[in-house]
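Engineer: Below: one structure in structure tokens.
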Amino acid sequence: MTTPQRRSRATEAFYGRRKGKSLKAPQAEALSALLPVLRLDLSSPPPDPLAELWPVPVSSTRLEIGFGGGEHLLHRARNAPDTGFIGVEPFINSMAKLLAGVENEGLQNIRLYDDDATRVLDWLPDACLDHIDLLYPDPWPKKKHWKRRFVSRLNLDRFARVLKPGGRFCFASDIDTYVNWTLNHIAAHPGFEWTARKASDWREPWEGWPGTRYEAKAIREGRTPCYLEFERLG
């Protein structure tokens, strides 16, 4: 029997901005000095065990896709020093801001990637992650653009492969159509189960949630955030 070949992102389109305003001097310095040190090298096989990615001992592993301003990732890494975090963010300004925070706080349990998250997912070994966060992803609100949404059958297949049995996929959004889109995709996927048992399970954020600037803006503008958590079956 031959091992199925992992699907590459090479034939899939990447959508989103790469760069915004000019960087402040400390951010530019952190980007040039620290990113080469913390950036995943996808040209080499992942270490076995994956925990060897980090220079400090870690007992669990967590991936955040599209960390934006980095508030959530920095908060989680600060409060869980025994967890190894991988943060993916192709937007240069967000990456520079996160790196400045990593440098200021001396965090050693973060590794980063500044390109397409699916490349990281395809690089990671089977059943290596305890947790995946996809928080306030670009909703692509126009129906003709819904195919660009990160939640898809293909990417859920990727999540299912890299998550350990019992691992968690957490999704947050303030866009109703994307929440429903995600629930429908999960319902159609055999590898996941929605963990909610009561309304507060999706209306209230997870324990230790620090909030984000985007979330605060959504609430100010009258949109209601939704917090979905799914368990990897098997």
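Engineer: At most 14 other C-beta atoms within 10 Å and a DSSP loop state: those are the exposed trypsin sites (Lys or Arg not before Pro) I care about. Give me the longest piece of the chain that has none.
Structural biologist: On the way: sites that count: R6, R17, R18, K19, K21, K24, K142, R197, K198, R223.
Within the chain, the longest run free of exposed trypsin sites (Lys or Arg not before Pro) spans 25-141.
Engineer: Still on this structure, please answer the following. Can you give the local net charge around R39? Use residues other than it whose beta-carbon is closer than 11 angstrom to its beta-carbon, Lys and Arg +1, Asp and Glu -1. Intermediate results must be reported in sequence, preceding the final value.
Structural biologist: On the way: positive: R111; negative: D41, D114, D115.
Once all neighbours under 11 Å are counted, the net charge is -2.
Engineer: Let me see the pair-distance distribution of segment 12-124: every alpha carbon pair, 10 Å bin width, integer percents in order.
Structural biologist: 14, 49, 32, 5
Engineer: At R0 = 22 Å, how high is the FRET efficiency between Q108 and R213 if r is their beta carbon distance? Nearest 0.05 is fine.
Structural biologist: Numbers: r = 25 Å, r/R0 = 1.16.
So, using R0 = 22 Å, E works out to roughly 0.30.
Engineer: Tell me, in nm to one decimal, what length is gained between R223 and R153 on full extension, where the rule is 0.36 nm per residue of separation less the Cα-Cα distance? Write down the numbers at each step before the final one.
Structural biologist: Details: separation 70, 0.36 × 70 = 25.20 nm, distance 2.68 nm.
That works out to 22.5 nm of additional length.
Engineer: Whole-Hz Karplus ³J(HN,Hα) for segment 161-166, in order, using 6.51 cos²θ - 1.76 cosθ + 1.60 and θ = phi - 60°, x for Gly and Pro?
Structural biologist: 5, 8, 7, 6, x, x
Engineer: Using 7 Å Cα-to-Cβ label points, what is the A80/E52 separation (nm, one decimal)?
Structural biologist: Spacing of the two 7 Å Cα→Cβ label points: 2.4 nm.
Engineer: Over the Cα atoms, compute the radius of gyration (one decimal) and Dmax (the largest Cα-Cα distance, rounded to a whole number) for segment 145-234, in Å.
Structural biologist: 13.5, 40
Engineer: Over segment 191-233, with a single point scatterer placed on each C-alpha, what log10 of the ratio I(q)/I(0) does the Debye formula yield at q = 0.34 1/Å?
Structural biologist: Debye output, listed in q order: -1.15.
Engineer: Still on this structure, please answer the following. Taking only Cα atoms and a 10 Å spring cutoff, compute GNM fluctuations for the chain and point out the largest among E204, E71, E215.
Structural biologist: Of the options given, E204 has the highest mean-square fluctuation.
Engineer: Taking H as built 1.01 Å from N, whose amide H comes closer than 5 Å to the amide H of L135, not counting residues under 5 places away?
Structural biologist: Amide H neighbours of L135, under 5 Å, 5+ apart: I65, A172.
Engineer: Additional query: Just want to confirm a number: the relative contact order over the chain, from Cα pairs under 8 angstrom separated by 6+ residues, in percent. Let's see the in-between values first.
Structural biologist: On the way: 387 pairs, mean separation 45.2, N = 234.
Averaging sequence separation for qualifying contacts and normalising by length gives 19 percent for the chain.
Engineer: What part of the accessible area of the chain, given as a whole %, is carbon or sulfur when the probe is 1.4 angstrom? Don't skip to the end; give the middle numbers.
Structural biologist: Values: 6340 of 12170 Å².
The C+S portion of the solvent-accessible surface of the chain is 52 percent.
Engineer: Further question: For the chain, place one equal point scatterer on every Cα, skip the solvent, and apply the Debye formula. What is log10 of I(q)/I(0) at q = 0.08, 0.12 Å⁻¹?
Structural biologist: -0.29, -0.67
Engineer: With θ taken as phi - 60° and the coefficients 6.51, -1.76 and 1.60, list the Karplus ³J(HN,Hα) couplings across segment 124-135 in order, rounded to whole Hz; mark glycine and proline as x.
Structural biologist: Couplings: 5, x, 4, 6, 10, 10, 8, 7, 10, 10, 10, 10 Hz.
Engineer: Leaving out ligands and nucleic acids, and using a 1.4 Å probe, what accessible area per residue does the chain come to in Å²? Could you put the intermediate results ahead of the total?
Structural biologist: Details: 12170 Å² over 234 residues.
Accessible area per residue, the chain: 52 Å².
Engineer: Would you pull out the residues with amide H under 5 Å of A127's amide H, same chain only if 5 or more places away, H placed 1.01 Å from N?
Structural biologist: It is V162, L163, by chain and number.
Engineer: Once amide H atoms are placed 1.01 Å from N in the peptide plane, what residues at a sequence separation of 5 or more from R111, or on another chain, have their amide H within under 5 Å of its amide H?
Structural biologist: Answer set, sorted by chain and number: F85, I86, G87.
Engineer: To continue, here is another question. Among G191, G106, G66, which one shows the biggest mean-square fluctuation in a GNM of the chain, springs joining Cα atoms closer than 10 Å?
Structural biologist: Between G191, G106, G66, it is G106 that shows the largest mean-square fluctuation.
Engineer: From largest to smallest, what semi-axes in whole angstrom does segment 134-188 give when each is the square root of 5 times an eigenvalue of its alpha carbon gyration tensor? Can you show the working numbers first?
Structural biologist: Details: eigenvalues 83, 28, 18 Å².
Each semi-axis is the square root of five times an eigenvalue, giving 20, 12, 10 Å.
Engineer: Which values of log₁₀ I(q)/I(0), to two decimal places, follow from the Debye formula for segment 93-135 at q = 0.14, 0.17, 0.28 Å⁻¹ with a uniform point scatterer at every Cα?
Structural biologist: For the requested q values the scattering log ratios are -0.44, -0.64, -1.13.
Engineer: Ok, one more. Helix-only estimate, please: 222 nm mean residue ellipticity of the chain, summing -39500 (n - 2.57) across DSSP H runs of length 4 or more and dividing by its residues, to the nearest 500.
Structural biologist: Working: 8 runs with 78 residues, N = 234.
Taken over the chain, the calculation gives -9500 deg cm²/dmol.
Engineer: Shifting gears a bit: Taking segment 68-200 on its own, what percent of its Cα-Cα pair distances exceed 22 Å?
Structural biologist: On the way: 3707 of 8778 pairs.
In whole percent, the share of Cα-Cα pairs in segment 68-200 beyond 22 Å is 42.
The values are calculated or read from the model by the stated rules, or taken from the named source; none is laboratory data. As the structure is a prediction and not an experimental result, all values here were calculated from the model. Note that we place each Cβ from the backbone using ideal geometry, even for glycine, and neighbour counts take in every protein chain shown. With ligands, DNA and RNA removed, areas are computed over all heavy atoms of the protein, side chains included. Shrake-Rupley method; radii C 1.70, N 1.55, O 1.52, S 1.80 Å.
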